[in-house]
Amino acid sequence: MDKTFYYPLLLLCLFLTVTNNGISQEIPKNEMPLFSVKNPDTSLSPLTGMTKKHWEEAALYLLEGAFSYINNLDDPMQFPKLPGKSYPQKDSQIPTEKLEGISRTLFIASPLLRKNPDLVINSIPVAKYYRYQLEQLIDTNSTAYIKPRKQDGGPSQNLVEYGAMAMSLFIAPEVLWEPLPQVSKDKLAASMLSYADGPTVDSNWKFFNIFVLSFFDTQGYDVNKKLLVTYLEDSLLDYRGQGWYNDSPAYDYYSMWAFQLYGITWANWYGEEHYPELAQKFKTNYQDMLYHYPTMFAENGQMMMWGRSISYRFASVSPFAFASSLRDDTVNYGWLRYISSSTLLQFLEHPAFLKNRVPTLGFYDHFEPVVQIYSARGSVYWMGKLFFGLLVPDDDPFWTATENKQPWNNLNDNAVYNKFQEATNLLITQYPAIGGTEMRSWCHEKKANDWQKFRSSENYNKLAYHSLFPWQADGEDGIISMNYTFLNSNKEWEPWRLYTFKSYHEGIYQRTAQLETNAEVKMELSEIPLPNGVLRIDKQLSTVPVKMRFGHYALPELNNPIKKTTQIIDGHKVITIDNGKYQLALVNLLGWDKIEVNRAKDLHAEADFSEVINAMDNYNPQEENAIYASLLLWKNSGEKWSPDELYPIESLKVLENRVTVVLKGGKVKTINY
C-alpha cells in the first residue's frame, strides 16, 4: 500500500494529551515529541537559550520527520495530503508534488550536508538519497520525471522548484552536484535551463530563473546572460523602499523570504564576483530592510499571521542571518537572532504544528482558510530557508552577539509607536504596554478577478493584522473580525476588499473603501493607534441604505470558556471578552445601533471555537448620522481596566467635514473629510 494512504490509518493509535501555550492538544503516539531546547545557553541567549547548535538540532528534527517517510532511495518526499484545496487534485500534478518535496526539504538538508556530508537519517544516507532523486528527475522511466519545458511553454511550478534546487546546489555542490556522473549533470542542466532560459512570472519568480542561470554559469555551462541581467534589473525595479519589494501587486512576507533573502544570498554567492554593481543594489535594499522590518515582530520576537503562503511560517526571518555581510556596526545582531530564534520556537514548540510528523498547511494546526491552491503538503518546507543561516560562520556576530530585545526596552509603556512606510503606505505600530505589533497593509483586489482566491481574502483584506491576535476567517452568517461586512444584493455578507490609501499624518491613518459589488457603498476610514488599542472614526459615504457589521479582533477559546462583561462608561456601552490570556474591549462611541459577542466554530487559526465582539447597524443615507466611532482596546488577562483606559477621550466633536477629538492628557486629533 502507498504510504501516502497508509500513514493516515496509523492515526487510529492511542492518543496522549499535551498542553503548551495554554492550548490542550491530542497528539497521536506515533507522532514526534515536541521540539525542546536541550542544554540552553542562558549566557549567550538569555531569552530563548538558542544557539547555532540548537538551530542545527531544529533542522535535524524537521528533516527526521520528513525522512520518516523514506525507507529506501526510491521513496519520494511525498506526504499525507490534508483535506481541502491543496494539490495534487489530479494525477498529472504528482510529479511536481514530488519535486516540491525534494527541492524544499533540500533547503534544510543542504546546510546540514555542507557541514556533515555523511549524514544518515532513518538508515538512509541523506546525500546519496538526494543525488539519487536528482537523477530521477531526468529519468524518463521514473514516476518523478520532469519533462523539460517546451520551446513555447510558459512558466510553471517546475520553474519555482528548479530555482529552489539551484539554491541548494550553490550551498553544497561538493556533496550534491560534483559526485554526479557527467551525463547526469548535462541532462539535469538541460532540464533546469529549459525552464530558467525562458519566460517567468512578473513577481519574485524572476529569482528562480536567476538562480538556475547563475549556478550553471559557475559550472561552465553556456547560459543566457542577457536574460539573467534582464531579470536582475527587473527585480530591482520591484523595490519600493524601507525594505519592501512589490510582488505584483501585493506587499507581504514575499518581500522578505523571497526578494530580500534571494537578493542578499545571490549577491554573496555569485553577484559580487560577476555583477558587483547589481549585487550592491540588492545589498543596499537589504540594509533598508534591517531598520524597518524587525519592528513588525512582537516584543517576544514572534511573527504575525499575515498574507498568503503563511504556512511557510518562520521563513519570515530567513534574511536576518546575513546582516554581517554589510559590515554595518549599527546593526543589533543579538536582537535579530532573538527574533529569529523566537519565531522558530513559536512553531516548533506548538503541539499542533506537526501532523504525521510533517508541518501542517496552516499557521499552527491545519487551517483551510489560509491555504492556497498552489500548495502541496511538502510546500511547507519553504520555511527551511531559515536554516541558510547555518552557513554563516560560527564567529559571525549573528551567532556571537548576546541575545536581546533592547529596542523594545527603550519604549515607553504609556506610548504608542508608529513607523509609517512612505514608499508603500504600510503602517507598522508597536504597542509596548502589551508587547504587540500591528500592520496596516495593502489590499485592492476584486474577488471576481482573483482566480486563486487569496489576494482578495482574509490574508489581505483585514483592516489590520496583530502579532498577538491571529486573524479569524469571515463567517457566512456575517460574523466578522477586524473588518466591515455588508449584506449585498445577493443576500451575502461581503467584506471590504477595495481599499485606497488617503493619508497618514499626526498619527492618523486614513483610507477609503468601496464595496466590490456595489460602488455606491463606500466609507472613509480613519484609525488612531493609542497605547492600548485603536480609536476608529469612520464616515459613511454610501448613497444607498445598507445593513452593516463591524468586528474587533477575535479571541480563541483556550482551556476555559471565554468570559464576557458588559458595562457603561461615560454613557457608552462597553463589552469585554477574556480568554485567560488576553482581554479585548469594544467601546461604542457613535453610530452603532448595538454591539454583541458572537461565537464561531472552525474560523480561527488557534482553536476550534472563538469569540469576537461585533457592532451592527442599518445605515440609511437619509439619516443625519454618518460617523461610526469606536474604541478597540486590549489588555493582558488578569489586569484591571481603569476608567481612563476604557474611555481615554476628553471630548469628541463632529462637524460636517471634520471630527475633532481631544484625548485625556490634552492631545488633539483632527480628522478632515
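Could you tell me which residue of segment 40-56 is nearest to residue 339 (Cα to Cα), considering only residues that are of a type in the set (Val, Ile, Thr) and either in contact (Cβ under 8 Å) with a residue 24 or more places away in the chain or outside any loop (DSSP other than H, G, I, E, B) (or both)? Lay out the reasoning, then the answer.
Of the residues in segment 40-56, the ones of a type in the set (Val, Ile, Thr) are 42, 48, 51.
Next cut, either in contact (Cβ under 8 Å) with a residue 24 or more places away in the chain or outside any loop (DSSP other than H, G, I, E, B) (or both) only: 48, 51.
Numbers: 48: 10, 51: 13 Å.
Looking at residues that are of a type in the set (Val, Ile, Thr) and either in contact (Cβ under 8 Å) with a residue 24 or more places away in the chain or outside any loop (DSSP other than H, G, I, E, B) (or both), I get 48.
Checked against the criterion of being open to solvent by less than 10 Å² (accessible area, probe 1.4 Å) and either in contact with a strand residue (DSSP E or B) (Cβ under 8 Å, 6 or more places away or on another chain) or modelled with pLDDT under 95 (or both), segment 261-283 has no qualifying residue. I'm trying to understand the selection: among the residues of segment 161-190, which are within 21 Å of residue 378 (Cβ to Cβ) and either in contact with an Asp or Glu (Cβ under 8 Å, 6 or more places away or on another chain) or surrounded by fewer than 19 Cβ atoms within 10 Å (Cβ to Cβ) (or both)? Listed by number, the residues that qualify are 161, 188. Exactly one residue out of 411, 427, 386 is of a type in the set (A, V, I, L, M, F, W, C), out of contact with any Asp or Glu (no Cβ under 7 Å at 6 or more places or on another chain) and part of a strand (DSSP E or B): that is 427. Would you confirm, using the coordinates I've provided, whether residue 451 is out of contact with any Asp or Glu (no Cβ under 9 Å at 6 or more places or on another chain), more than 30 Å from residue 665 (Cα to Cα), in a loop (DSSP other than H, G, I, E, B) and of a type in the set (A, V, I, L, M, F, W, C)? When the stated conditions are applied, residue 451 passes them. Figure legend. Inter-residue proximity from segment 250-278: first residues in contact (Cβ under 8 Å) with a residue 12 or more places away in the chain, second residues aliphatic (A, V, I, L, M) and assigned to a loop (DSSP other than H, G, I, E, B), beta-carbon distance below 9 Å, spacing 6+ or different chains. Indicated pairs: 253/303.
No other residue among 427, 348 is within 28 Å of residue 474 (Cβ to Cβ), open to solvent by less than 10 Å² (accessible area, probe 1.4 Å) and under 19 Å from the mean Cα position of the chain (by Cα) apart from 427.
Going through (1) within 31 Å of the chain's Cα centre (by Cα); (2) not in a loop (DSSP other than H, G, I, E, B) one by one, residue 560 falls short only on (2). Against the condition at pLDDT 95 or above and surrounded by fewer than 23 Cβ atoms within 10 Å (Cβ to Cβ), how does residue 628 come out, does it pass? No, not satisfied.
Give the residue that is farthest from residue 369 (Cα to Cα), with candidates limited to residues of segment 284-310 that are open to solvent by 10 Å² or more (accessible area, probe 1.4 Å) and assigned to a helix (DSSP H, G or I). My answer is 284. Annotation note: Cβ proximity below 7 Å between a residue of segment 371-398 that is polar (S, T, N, Q) and a residue that is open to solvent by 10 Å² or more (accessible area, probe 1.4 Å) and in a loop (DSSP other than H, G, I, E, B) (sequence gap 6+ or interchain) occurs for 372/308; 372/452.
When the residues of segment 469-519 are filtered to those that are touching a Pro at 6+ places or on another chain (Cβ under 7 Å) and closer than 28 Å to residue 599 by Cα, the one that is most open to solvent (accessible area, probe 1.4 Å) is 474.
The values are calculated or read from the model by the stated rules, or taken from the named source; none is laboratory data. What you see is a predicted model, and the numbers here were worked out from it, not measured in a lab. Glycine also receives a Cβ, built like all others from the backbone with ideal geometry; neighbour counts cover every protein chain displayed. Calculation scope for accessible area: heavy atoms of the full protein, side chains included, ligands and nucleic acids excluded. Shrake-Rupley method; radii C 1.70, N 1.55, O 1.52, S 1.80 Å.
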